[in-house]
Amino acid sequence: MANDVSVKPTPIQRNELDVAMELTQFHFKRFGVDNAEHMKQIFTEYYSLVQYLELIRFNEIDKLKEFLPEDIRKALE
């Protein structure tokens with residue numbers, strides 16, 4: 001039996017909730033938070049955005065381009 005154990009690292013898998021949480025945390029670090037209601041509103045907006053992007057990413061790829069800055073969008077055309 002070998003004394004050395006080799007394990008391949010697996011990439012970190014992030015889901016929609018993880019992304020929404022990270023965006024919310026970034027938002028509050030940048031802009032601050034007013035109160036619990038504000039926190040709920042911002043998280044809901046980011047979570048909704050992430051869900052929407054997940055839904056359209058395969059079937060409506062052109063809609064994703066709407067979220068890009070104009071100069072990058074023009075370079076893709």
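Observations on the structure shown:
- Rotationally averaged projected area of the chain (alpha carbon convex hull; nm²): 10.1 nm²
- Share of carbon and sulfur in the accessible heavy-atom surface of the chain [1.4 Å probe, %]: 56 percent
- Treating r as the C-beta distance of Glu54 and Asp34 and R0 as 25 Å, the FRET efficiency rounds to 0.30.
- Degrees separating the helix 16-31 axis from the principal Cα axis of the chain, which is the longest one: 60 degrees
- Degrees, to the nearest 10: 36-56 long Cα axis against longest axis of the chain: 80 degrees
- Taking a straight line from the alpha carbon of Lys29, these lysines sit under 26 Å away, with near neighbours fewer than eight places off in the same chain left out: Lys40.
- Between Asn15 and Leu76, the contour length at 0.36 nm per residue exceeds the Cα-Cα span by 19.2 nm.
- When the helices of the chain are scored as -39500 (n - 2.57) per DSSP H run of n ≥ 4 and the total is divided over every residue, the value at 222 nm lands at -19500 deg cm²/dmol.
- Straight-line reach from Lys63: taking Cα to Cα under 20 Å and skipping same-chain neighbours fewer than 8 places apart, the aspartates and glutamates in range are Glu16, Glu45, Glu54, Asp71, Glu77.
The values are calculated or read from the model by the stated rules, or taken from the named source; none is laboratory data. A quick note: this is a predicted structure, and the numbers were derived from the prediction, not measured. Don't worry about glycine lacking a Cβ; one is built from the backbone with ideal geometry, like all the others, and counts go over all protein chains shown. SASA here: full protein model, heavy atoms, side chains in, ligands and nucleic acids out. Shrake-Rupley method; radii C 1.70, N 1.55, O 1.52, S 1.80 Å.
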